[in-house]
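Engineer: Quick one: this structure, given as C-alpha cells, is what I'll be asking you about.
The values are calculated or read from the model by the stated rules, or taken from the named source; none is laboratory data. The structure displayed is predicted, hence computed values, not measured ones. Ideal geometry is used to build each Cβ from the backbone, glycine not excepted, and the neighbour counts take in all protein chains shown.
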Amino acid sequence: MVAGDKSDPVDVLILGGGPAGYVCAIRAAQNGRQVTLVERGRVGGVCLNEGCIPSKHLALFAAAHPGCRDLAEFQTSRTAAVDKLVGGVSSLLKAAGVAIIQGSAWFVGQTRVCVEVGEESVRYFDFKDVVIATGSLALPMDGHPFDGERVVGPREALAWMSVPETLAIAGDDYIAVELAVAFARLGSRVTLTSAADRLLPDFDPDLSAAADRGARSLGVEVALAANPASIVEDAERVIVSGGRRPNVDGLHLSAAGIAVGVEGFRVDRQMRLDRHVFAIGDVTEGLPLAHRSTMQGRVAGDVLGGKPAAMDVRALPRVVYAEPELAGVGATEGDSAKLPLAALGRAVIDGSTAGFVKLVFDKGSGVITGAHIAAPRATDLIGEMTLAIEMGATLEDVALTAHAHPTFAEGALEAAELALGRPIHVRSLRR
C-alpha cells in the first residue's frame, strides 16, 4: 500500500499507551473527543510493564526476602501484579470509549499516520489532532553496548530469574541506587560506580549522603568520581543506568514536518508542538518521571477538550526506594532546618532513627520552598510537602496542622517548629 491508499478518519490519534498516552486518551474522551490509541505493545508503557512497577516490586520483595537468590517467586508475583494493572488500564480505556489499535505507527504526511497491524498489513489514519507519547529508551555505556545477557539496562535486569554472585552497576541516578540496594539485599556483591562525585547528584546533598550511607551499610561498594567502564570486566553481570533518549526512531517525523531535539520535544504549556500536534511524557524535554507524564497527559486531554488547561507544576516530587527510602521536592538551597528521626516516637519504636526530615524555606516570609526526607515511607510522606509547596504554605501552616501520633508524618510538623525556632522534641535549631 502507498500513502494515497484508503484511510480511516479519526478525531484524536494518540501514539503510545504509557502513563502519558493512556491518561491523555481517557481525559480527552471524558471531554467529548473520539479517541484512537495506537500501542505496539501492552498498554501501561515502560512504567507499568518494565520500569516503575517491576522495579519498586523488586525493592519491596528484596526488603521482605533478604538473601533470596532464586527470583522465581518474585517473577511470578511481578507478572501477576503487572497483568492485573494492565488489565485495569485496558478496561478503563474501553469504558471511556477509546479505540485501541495494536501496531507500530509512523507519519506519512502532515495529517496522516500509517500503522503496521500485522506482518503484511497496514492501516492509514487521517487525524484532526495527534499526540506523540512514545516514551524513551535506555542509553548504553560508551564502548559497552547492551548484549541482552551480561551487559544490560534496568529492564532486562528486572527479568532475571536468579541473583548474580557479583554485580556491577554503572550509574548514579535513582534507578542505579534502587537496583544496587535491592540486589545487595538479595545477596549479590554489588559495586556501584559513578563518574560524579556523589550519588543522586541532582538531589539535595543530604539525600545524596543518606543514599551513600545506606548503600554502604548493606555492603555495596560505592566508587565515586570513577570511570564506570572500568568495572565491566570484574563482575558476573553489569547493569547500565546511564540516562534515556526520546523514543522517536521509526516515526518518520520529517514526513509531518516535525523536529525533535536531542533531549526531546520542546512543547508549550498546553503540550503543543503545533496547532494540531501535541507531545507528552518522556518524549518531551524534562525529567523522565511517570507522574510528570500523567500530569502532561491530563493537561493535553483537557486542552484537546477545549478547556483552559496548562502545565503549571511548581513542585515535582522524586522518590528513591533505597536504604532508607528517600524523597525530595522543590528547592535544595536556602535557609533550612533538619529534624533527626530520633526525635519521633514512631522512629524509635521501629528502630529507624538514622534518617531526617529537612525543610527549605524563605526566612523572611516563612514560605516552604523545598522538603527532603530520608525515612521509612518517605515516598508517601513527600506528598504532604508537595501539596504545601504548591499551595504556598508557610512553616506556621504546617506547624499548626495536627498530625497523628505516633507517625513518621509528624516529622513535617516537628521540622517546621524547628525552623521557627521553637522546637519541642529537639534541643536546638539544626541547620
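Engineer: Select from region 221-251 the residues that are crowded, with 18+ Cβ neighbours inside 10 Å and basic (Lys, Arg) and write down the one among them that is nearest to Gly45 (Cα to Cα).
Structural biologist: Once the filter is applied, the top-ranked residue is Arg244.
Engineer: Looking only at region 112-139, how many residues end up being among the polar types (S, T, N, Q) and in contact with a helix residue (DSSP H, G or I) (Cβ under 8 Å, 6 or more places away or on another chain)?
Structural biologist: Pass one, region 112-139, residues among the polar types (S, T, N, Q): 121, 134, 136.
Checking the rest, the ones that are also in contact with a helix residue (DSSP H, G or I) (Cβ under 8 Å, 6 or more places away or on another chain) come to 134, 136.
Of the residues in region 112-139, 2 are among the polar types (S, T, N, Q) and in contact with a helix residue (DSSP H, G or I) (Cβ under 8 Å, 6 or more places away or on another chain).
Engineer: Return the residue satisfying two criteria in turn: it lies in region 388-431 and is in the same structural domain as Leu359 (by TED's automatic domain parsing), in contact with a Lys or Arg (Cβ under 6 Å, 6 or more places away or on another chain) and surrounded by fewer than 19 Cβ atoms within 10 Å (Cβ to Cβ), and of such residues it is farthest from Ala343 (Cα to Cα).
Structural biologist: Glu390
Engineer: Could you tell me how many of the residues in region 8-39 are among the charged types (D, E, K, R) and surrounded by fewer than 24 Cβ atoms within 10 Å (Cβ to Cβ)?
Structural biologist: Of the residues in region 8-39, the ones among the charged types (D, E, K, R) are 8, 11, 27, 33, 39.
Okay, now just the ones that are also surrounded by fewer than 24 Cβ atoms within 10 Å (Cβ to Cβ), so 8, 11, 33.
The total comes to 3.
Engineer: Of the residues in region 156-171, how many are part of a helix (DSSP H, G or I) and in contact with a strand residue (DSSP E or B) (Cβ under 7 Å, 6 or more places away or on another chain)? It would help to see each step written out before you state the result.
Structural biologist: Within region 156-171, the subset part of a helix (DSSP H, G or I) is 156-157.
Applying the additional criterion that residues be in contact with a strand residue (DSSP E or B) (Cβ under 7 Å, 6 or more places away or on another chain) yields 157.
Counting residues in region 156-171 that are part of a helix (DSSP H, G or I) and in contact with a strand residue (DSSP E or B) (Cβ under 7 Å, 6 or more places away or on another chain) gives 1.
Engineer: Of all the residues that make up region 309-366, how many are charged (D, E, K, R), under 30 Å from Arg272 (Cβ atoms) and modelled with pLDDT under 95? If you could, list the steps in order and put the result at the bottom.
Structural biologist: Here is the first cut: in region 309-366, the ones charged (D, E, K, R) are 312, 314, 318, 323, 325, 333, 335, 338, 346, 350, 358, 362-363.
Then keep just the ones that are under 30 Å from Arg272 (Cβ atoms); that gives 312, 314, 318.
If we keep only those that are modelled with pLDDT under 95 as well, we get 312, 314.
Result for region 309-366: 2.
Engineer: Between residues in region 17-37 that are under 15 Å from Thr284 (Cα atoms) and touching a residue at least 12 places away in the same chain (Cβ under 8 Å) and residues that are assigned to a strand (DSSP E or B) and of a type in the set (Ser, Thr, Tyr), which pairs lie under 7 Å by C-beta distance while being six or more apart or on different chains?
Structural biologist: none
Engineer: Next question. Looking at region 78-107, I want the residues that are within 14 Å of Val12 (Cβ to Cβ) and have a partner that is in a helix (DSSP H, G or I) and among the small types (Gly, Ala, Ser) with Cβ atoms under 8 Å, at least 6 apart or on another chain. Which pairs are those?
Structural biologist: Here the result reads Leu93/Ala25; Ala96/Ala25; Ala96/Ala29; Gly97/Ala29; Val98/Ala25; Val98/Ala29; Ile100/Ser90, each pair linking region 78-107 to a residue that is in a helix (DSSP H, G or I) and among the small types (Gly, Ala, Ser).
Engineer: Now a separate question. Name the single residue, out of those in region 267-303 being assigned to a strand (DSSP E or B) and not charged (D, E, K, R), that is nearest to Gly17 (Cα to Cα). Please lay out each step first, then the result.
Structural biologist: Initially, region 267-303 is screened for residues assigned to a strand (DSSP E or B), giving 272-274, 277-279, 284.
Now drop any that are not not charged (D, E, K, R), which leaves 273, 277-279, 284.
Details: Leu273: 19, Val277: 17, Phe278: 14, Ala279: 13, Thr284: 15 Å.
Among those residues, the one meeting the criterion is Ala279.
Engineer: Which pairs have Cβ atoms under 9 Å, sit 6 or more apart or on different chains, and link a residue in region 251-278 that is closer than 21 Å to Cys24 by Cα to one that is assigned to a strand (DSSP E or B) and among the polar types (S, T, N, Q)?
Structural biologist: If the second residue must be assigned to a strand (DSSP E or B) and among the polar types (S, T, N, Q), the pairs left are Gly264/Ser136; Gly264/Thr284; Phe265/Thr284; Arg266/Thr284; Val267/Thr284; Met271/Thr284.
Engineer: Confirm whether Ala371 is buried (at least 23 other Cβ atoms within 10 Å of the Cβ), at pLDDT 95 or above, within 29 Å of the chain's Cα centre (by Cα) and under 22 Å from Glu178 (Cβ atoms). Let's see the steps before the verdict.
Structural biologist: Details: buried (at least 23 other Cβ atoms within 10 Å of the Cβ): yes; at pLDDT 95 or above: yes; within 29 Å of the chain's Cα centre (by Cα): yes; under 22 Å from Glu178 (Cβ atoms): yes.
Here the answer is yes, as Ala371 does meet what is asked.
Engineer: So Arg123 clears everything in (1) out of contact with any Leu (no Cβ under 9 Å at 6 or more places or on another chain); (2) closer than 20 Å to Ser293 by Cβ except one condition, right? Which one?
Structural biologist: (2) is the only condition that Arg123 fails.
Engineer: Would you confirm, using the coordinates I've provided, whether Val222 is more than 27 Å from Thr284 (Cβ to Cβ), at pLDDT 90 or above, within 25 Å of the chain's Cα centre (by Cα) and not basic (Lys, Arg)? Please lay out each step first, then the result.
Structural biologist: Values: more than 27 Å from Thr284 (Cβ to Cβ): yes; at pLDDT 90 or above: yes; within 25 Å of the chain's Cα centre (by Cα): yes; not basic (Lys, Arg): yes.
The answer is yes for Val222.
Engineer: Let me ask another. Return the residue satisfying two criteria in turn: it lies in region 205-220 and is without any contact (Cβ under 8 Å) to a residue 60 or more places away in the chain and part of a loop (DSSP other than H, G, I, E, B), and of such residues it is surrounded by the fewest Cβ atoms within 10 Å (Cβ to Cβ).
Structural biologist: So the first thing to find is which residues in region 205-220 are without any contact (Cβ under 8 Å) to a residue 60 or more places away in the chain, and the list is 208-209, 212, 216, 219-220.
Restricting the remaining residues to those that are part of a loop (DSSP other than H, G, I, E, B) gives 219-220.
On the way: Gly219: 12, Val220: 23.
So the residue we want is Gly219.
Engineer: For region 63-74, give me the residue count where each residue is surrounded by 19 or more Cβ atoms within 10 Å (Cβ to Cβ) and either under 20 Å from the mean Cα position of the chain (by Cα) or acidic (Asp, Glu) (or both). Working first, answer last.
Structural biologist: If we filter region 63-74 for residues that are surrounded by 19 or more Cβ atoms within 10 Å (Cβ to Cβ), which is where we start, we get 71, 74.
Then drop every residue that is not either under 20 Å from the mean Cα position of the chain (by Cα) or acidic (Asp, Glu) (or both), which leaves none.
So the answer is 0.
Engineer: Let me ask something else. So, in region 138-155, exactly how many residues are modelled with pLDDT under 90 and outside any loop (DSSP other than H, G, I, E, B)? I'd like the intermediate steps shown before the answer.
Structural biologist: Residues of region 138-155 that are modelled with pLDDT under 90, as a first pass: 138-149.
Next cut, outside any loop (DSSP other than H, G, I, E, B) only: 138, 141, 144.
Looking only at that region, the number is 3.
Engineer: Right, Ala133: in contact (Cβ under 8 Å) with a residue 40 or more places away in the chain, buried (at least 21 other Cβ atoms within 10 Å of the Cβ) and not assigned by TED's automatic domain parsing to the domain that holds Val220 or not?
Structural biologist: Numbers: in contact (Cβ under 8 Å) with a residue 40 or more places away in the chain: yes; buried (at least 21 other Cβ atoms within 10 Å of the Cβ): yes; not assigned by TED's automatic domain parsing to the domain that holds Val220: yes.
For Ala133, the condition - in contact (Cβ under 8 Å) with a residue 40 or more places away in the chain, buried (at least 21 other Cβ atoms within 10 Å of the Cβ) and not assigned by TED's automatic domain parsing to the domain that holds Val220 - is met.
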